[in-house]
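One structure below.
The values are calculated or read from the model by the stated rules, or taken from the named source; none is laboratory data. Just so it is clear, the model here is predicted, and its values are computed rather than measured. Note that each Cβ is placed from the backbone with ideal geometry, even for glycine, and that neighbours are counted across all protein chains shown.
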């Protein structure tokens, strides 16, 4: 077992513990019943997704500033993992909304902006896939990642100002019983560990992809650019 | 000052080449009329609901015409490989980008000059200065973002696929605020002042951001 496999095993174990906390330790919600248990993973994966996209943003900014291949690989890994967590958030939210709101989907601010978030970073992944790998793709994707990160709060704000019906943030105003809060915080911690492990593994995969590419076509030595960034697209 | 001159020169060049070929504007005008025709079949339109449906058709037609227009902004440069030549001149990439965005915005305004009267003719949408102002304000930000991402995808393989995917999510704020401004200008509920204020904010935000990012997209 290498260290990535060990980390993955730990993350899976933590998620199983979180599932135990969600289904055994946490009390059943008085109004919503068992459906409310979706909330723990739903909110945790939303927060994990935001964290991943923050990695994309920071990675993109660092890449644009000093062409760091490491920052770009982190951005790539963050985007992929973030899209996975956004998908989880959306699907879980829809499963929750059907019994509670009696509809899978409604165009309120958080739902709309989360969908936009998903589309933006799915687009980011498509740019990475379609652009010639190398410096150009990294630059273009960095711009996409930065604009996406700015766009989402703007969309969120404009829809809020327009109409909203998503349940408000109840975690902050101690309306949550202590077992629920404990379960939520534990699930959140486990989900963040899982996201971190997934990013680390994906980072390793991206490094291997870059190395494979630079072996396949030797990199012309370019001034001011480090060789590990992969082959450069000739503009 | 010099930057502004470069931008205007680039815009003039783009508009002149469009004027000489007269390809894009007639095609876009026809595209817009077709969009209205499809809107007419897609909805059950009568004299009562036409005014509530018209704003939706306006933004749909405008957004897709915009995508076609911005997809073309870098097409000629790419075919002639003239963008590289332009970037080799001492002119700053930001000025070149601003020029191209200006020209694209001007072409989109020409399309709007077809779209708005056509909407008013076919859908009985009342045309007021308020509606025109909202559409023009949305055009500013949409042109900046559209042109930036047209530059992004210009060097990508499947650019026709990617441009809408990247641009549309970023246009959403303009469509929300612009849509509300047009609806309220037509007497539907909503605050026109607030929507216009928001459009101006978004214009400033995204014009500043695109001009900061243009350097990284064009500078190669």
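Scanning the range A:48-60 for residues that are crowded, with 16+ Cβ neighbours inside 10 Å and in contact (Cβ under 8 Å) with a residue 60 or more places away in the chain yields A:48, A:49, A:51, A:52, A:53, A:55, A:56, A:57, A:59, A:60.
Filtered by the rule that a residue be under 21 Å from residue B:106 (Cβ atoms), in contact (Cβ under 8 Å) with a residue 24 or more places away in the chain and surrounded by fewer than 16 Cβ atoms within 10 Å (Cβ to Cβ), the range B:20-63 gives B:27, B:33. Here residue B:90 meets the list (1) more than 30 Å from residue B:191 (Cα to Cα); (2) in contact with a helix residue (DSSP H, G or I) (Cβ under 8 Å, 6 or more places away or on another chain) almost entirely, failing just condition (2).
Can you find a residue that is at positive phi and not in a helix (DSSP H, G or I) anywhere in the range B:120-141? There is at least one residue in the range B:120-141 that is at positive phi and not in a helix (DSSP H, G or I). Of all residues in the range A:1-40, those satisfying the criterion of being at pLDDT below 90 and either farther than 20 Å from residue A:92 by Cβ or not in a helix (DSSP H, G or I) (or both) are A:1, A:2, A:3, A:26, A:27, A:28, A:29, A:30, A:31, A:32, A:33. Of all residues in the range B:144-152, one or more are within 14 Å of another protein chain (Cβ to nearest Cβ), within 14 Å of the chain's Cα centre (by Cα) and within 30 Å of residue B:41 (Cβ to Cβ).
With respect to the conditions (1) more than 14 Å from chain B (Cβ to nearest Cβ); (2) closer than 18 Å to residue A:199 by Cα; (3) surrounded by fewer than 19 Cβ atoms within 10 Å (Cβ to Cβ), residue A:100 falls short on a single one, namely (2). Looking at the structure I just gave you, is residue B:135 over 24 Å from residue B:83 (Cβ atoms), surrounded by 18 or more Cβ atoms within 10 Å (Cβ to Cβ), under 14 Å from the mean Cα position of the chain (by Cα) and more than 10 Å from every other protein chain (Cβ to nearest Cβ)? So residue B:135 passes the test. Against the condition more than 9 Å from chain A (Cβ to nearest Cβ), surrounded by fewer than 24 Cβ atoms within 10 Å (Cβ to Cβ), at pLDDT 90 or above and in contact with a helix residue (DSSP H, G or I) (Cβ under 7 Å, 6 or more places away or on another chain), how does residue B:200 come out, does it pass? Considered against the rule, which asks whether it is more than 9 Å from chain A (Cβ to nearest Cβ), surrounded by fewer than 24 Cβ atoms within 10 Å (Cβ to Cβ), at pLDDT 90 or above and in contact with a helix residue (DSSP H, G or I) (Cβ under 7 Å, 6 or more places away or on another chain), residue B:200 comes out as yes. Out of B:159, B:155, one residue alone is at the interface with another protein chain (Cβ under 8 Å from one of its Cβ atoms), surrounded by fewer than 23 Cβ atoms within 10 Å (Cβ to Cβ) and at pLDDT below 85. It is B:155. More than 11 Å from the chain's Cα centre (by Cα), within 22 Å of residue A:138 (Cα to Cα) and either more than 12 Å from every other protein chain (Cβ to nearest Cβ) or part of a helix (DSSP H, G or I) (or both): is that true of residue B:116 in this structure? Answer is no for this residue.
Residue by residue, here is whether (1) part of a helix (DSSP H, G or I); (2) at pLDDT below 90; (3) touching a helix residue (DSSP H, G or I) at 6+ places or on another chain (Cβ under 9 Å); (4) under 30 Å from residue B:188 (Cβ atoms) holds:
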site: B:14; (1), (2), (3), (4): yes, yes, yes, no
site: B:17; (1), (2), (3), (4): yes, yes, yes, no
site: B:25; (1), (2), (3), (4): yes, yes, yes, no
site: B:48; (1), (2), (3), (4): no, yes, no, yes
site: B:56; (1), (2), (3), (4): yes, yes, yes, yes
site: B:61; (1), (2), (3), (4): yes, no, yes, yes
site: B:69; (1), (2), (3), (4): yes, yes, yes, yes
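The set of residues in the range A:79-114 being in a loop (DSSP other than H, G, I, E, B) and closer than 21 Å to residue A:157 by Cβ consists of A:105, A:106, A:107, A:108. For the range B:173-220, the set of residues classified as outside any helix (DSSP H, G or I) and under 23 Å from residue B:86 (Cβ atoms) consists of B:219, B:220, listed by residue number. Residue A:43: part of a helix (DSSP H, G or I), in contact (Cβ under 8 Å) with a residue 60 or more places away in the chain and out of contact with any strand residue (DSSP E or B) (no Cβ under 6 Å at 6 or more places or on another chain), yes or no? Against the criterion (part of a helix (DSSP H, G or I), in contact (Cβ under 8 Å) with a residue 60 or more places away in the chain and out of contact with any strand residue (DSSP E or B) (no Cβ under 6 Å at 6 or more places or on another chain)), residue A:43 qualifies. Looking at B:138, B:106, B:95, B:133, just one residue is modelled with pLDDT of 85 or more and under 20 Å from residue B:166 (Cβ atoms), and that residue is B:138. Looking across B:168, B:212, one residue alone is facing chain A (nearest Cβ under 10 Å) and surrounded by 16 or more Cβ atoms within 10 Å (Cβ to Cβ). It is B:168. Within the range A:118-141, the residues that satisfy the criterion of being crowded, with 24+ Cβ neighbours inside 10 Å and more than 7 Å from chain B (Cβ to nearest Cβ) are A:121, A:124, A:138, A:141.
Working only within the range B:182-194, note down all residues that are more than 9 Å from chain A (Cβ to nearest Cβ) and more than 17 Å from the chain's Cα centre (by Cα). Residues satisfying the conditions are B:183, B:184, B:185, B:186, B:187, B:188, B:189, B:191, B:192, B:193.
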